Amino acid sequence: MARAAHPEAMAPSKPGRTRTAPPQMPPKFPMQGRYRAYTIFDATGLVYLLMGFGVLHAVRALGDGAAAWQAVLAGWANPVYVAFHLLALASVLFVGVRFFRLFPKAQPPRIGPARPPPGPVIHGMLYAVWIGVSVVFVAILAGGIFR
Amino acid sequence: MKQLLLKLEPVVWLLFGQGILIGTILLTGWILVVNLGVPLGIVPADALAYGRAHALASNPIGRLVLLALIALPLWKGAHHLRSLSIDFGGAGRDTAVAGVLYGIAALGSLLGVFAVLGL
């Protein structure tokens, strides 16, 4: 999808005398090559936004009493909600895998006197925290602990 | 408005980054149990019976986790949708789009604060 990009996308802070070609969007943007994952990563924003409001809806129902809370849980058995929540689960897993892969590359080379651990160690720690917190959270919510 | 957005950028980026990191970590368990497990009958319904769910949610740690589950995904979503809008040719209307999206995230976060305090 080659097309003109915003004309000021690559503009220098001060106008120079050097003439430059107008910026173009990459030909493979938005859904080919490496741009596919980039675009999907951004598009998960809509799912996250809706999930935030979904949790808000559930918490408000919990505050409104037992009937409202049970109605929310019963409503989520609707196939439309099930499909959306499966999409949300896929989005969350996609975002986690992609972000955790990028995270070690975004670390500064040095923090004061200390160097950050090697990339694979940071990567492993992130996955350990993600899996560990998820297992504990699932166990609490599903009644495995704190009954 | 543009100046305000530039001033708020560090705060927005903090909430956006935590939305990806903490939001993703917390949403995984929430979706598995609350959105899918109980409604589909995979998890016994009494696990999230009203009394137990309210007791879990209304203690200080529960309120904090729920507020994180509401606010952080909203900011992650708002910032990524703004980015998507710019990439799809919306740089000229970015100030308005950002104002609307961050406004939605801020309003949702505020409602989230009231919701968890009201438990």
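Go through the residues of region B:3-23 one by one and say whether even a single one is free of Cβ contacts under 8 Å to residues at least 12 places away in the same chain, farther than 29 Å from A:Gly132 by Cβ and at the interface with chain A (Cβ under 7 Å from one of its Cβ atoms).
Among the residues of region B:3-23, not one is free of Cβ contacts under 8 Å to residues at least 12 places away in the same chain, farther than 29 Å from A:Gly132 by Cβ and at the interface with chain A (Cβ under 7 Å from one of its Cβ atoms), which makes the answer no.
Would you point out the residue of region A:103-146, among those that are exposed (fewer than 11 other Cβ atoms within 10 Å of the Cβ) and within 20 Å of the chain's Cα centre (by Cα), that is nearest to B:Ala55 (Cα to Cα)?
That would be A:Ala128.
Answer with yes or no whether A:Val135 is assigned by TED's automatic domain parsing to the domain that holds A:Phe41 and β-branched (Val, Ile, Thr).
For A:Val135, the condition - assigned by TED's automatic domain parsing to the domain that holds A:Phe41 and β-branched (Val, Ile, Thr) - is not met.
Can you tell me how many residues within region A:94-147 are part of a loop (DSSP other than H, G, I, E, B), closer than 26 Å to B:Gly62 by Cα and either hydroxyl-bearing (Ser, Thr, Tyr) or more than 8 Å from every other protein chain (Cβ to nearest Cβ) (or both)? Don't jump to the end; show me each part of the working.
Quick first cut of region A:94-147, residues part of a loop (DSSP other than H, G, I, E, B) only: A:107-110, A:112-113, A:115-118, A:142-147.
Next, from what is left, pick out any that are closer than 26 Å to B:Gly62 by Cα: A:142-147.
Narrowing further to those that are either hydroxyl-bearing (Ser, Thr, Tyr) or more than 8 Å from every other protein chain (Cβ to nearest Cβ) (or both): A:144-145.
Counting residues in region A:94-147 that are part of a loop (DSSP other than H, G, I, E, B), closer than 26 Å to B:Gly62 by Cα and either hydroxyl-bearing (Ser, Thr, Tyr) or more than 8 Å from every other protein chain (Cβ to nearest Cβ) (or both) gives 2.
Does B:Arg63 count as basic (Lys, Arg) and in contact with a Leu (Cβ under 8 Å, 6 or more places away or on another chain)?
Details: basic (Lys, Arg): yes; in contact with a Leu (Cβ under 8 Å, 6 or more places away or on another chain): yes.
The answer is yes for B:Arg63.
Would you mind finding the one in A:Met10, A:Met31 that is more than 10 Å from chain B (Cβ to nearest Cβ) and more than 25 Å from the chain's Cα centre (by Cα)? Before you say what the answer is, go through the steps one by one.
Details: A:Met31 fails: more than 25 Å from the chain's Cα centre (by Cα).
Answer to the check: A:Met10.
Being within 15 Å of B:Gly23 (Cα to Cα), surrounded by 17 or more Cβ atoms within 10 Å (Cβ to Cβ) and either touching a residue at least 40 places away in the same chain (Cβ under 8 Å) or in contact with a His (Cβ under 9 Å, 6 or more places away or on another chain) (or both) is the filter here, so list the residues in region A:43-75 that pass it.
Those that are within 15 Å of B:Gly23 (Cα to Cα), surrounded by 17 or more Cβ atoms within 10 Å (Cβ to Cβ) and either touching a residue at least 40 places away in the same chain (Cβ under 8 Å) or in contact with a His (Cβ under 9 Å, 6 or more places away or on another chain) (or both): A:Thr44, A:Gly45, A:Val47, A:Tyr48, A:Leu49, A:Met51, A:Gly54.
Criterion first (assigned to a loop (DSSP other than H, G, I, E, B) and more than 22 Å from A:Leu126 (Cα to Cα)) does B:Gly41 satisfy it?
On the way: assigned to a loop (DSSP other than H, G, I, E, B): yes; more than 22 Å from A:Leu126 (Cα to Cα): yes.
Criteria met by B:Gly41.
Which members of region A:76-86 meet the condition of being surrounded by 14 or more Cβ atoms within 10 Å (Cβ to Cβ) and either part of a helix (DSSP H, G or I) or away from chain B (no Cβ under 13 Å) (or both)? Lay out the reasoning, then the answer.
Taking region A:76-86 as the starting set, the residues that turn out to be surrounded by 14 or more Cβ atoms within 10 Å (Cβ to Cβ) are A:76, A:81-82, A:84-85.
Passing the criteria: A:Tyr81, A:Val82, A:Phe84, A:His85.
Please go through region B:38-78 and give me each residue that is buried (at least 17 other Cβ atoms within 10 Å of the Cβ) and β-branched (Val, Ile, Thr), ordered by number.
B:Val38, B:Val43, B:Val65, B:Ile70
Over 13 Å from the mean Cα position of the chain (by Cα), more than 24 Å from A:Phe103 (Cβ to Cβ) and acidic (Asp, Glu), is that true of B:Asp46?
On the way: over 13 Å from the mean Cα position of the chain (by Cα): yes; more than 24 Å from A:Phe103 (Cβ to Cβ): yes; acidic (Asp, Glu): yes.
Yes; evaluated as a whole, the condition is true for this residue.
Out of curiosity, is A:Leu62 in a helix (DSSP H, G or I), under 24 Å from the mean Cα position of the chain (by Cα), under 17 Å from B:Pro39 (Cα atoms) and modelled with pLDDT of 85 or more?
Answer is no for this residue.
The values are calculated or read from the model by the stated rules, or taken from the named source; none is laboratory data. If you're wondering where the values come from, they're calculated on a predicted model, not measured in any experiment. Please note: Cβ atoms are built from the backbone with ideal geometry, for glycine as well, and neighbour counts cover all protein chains shown.
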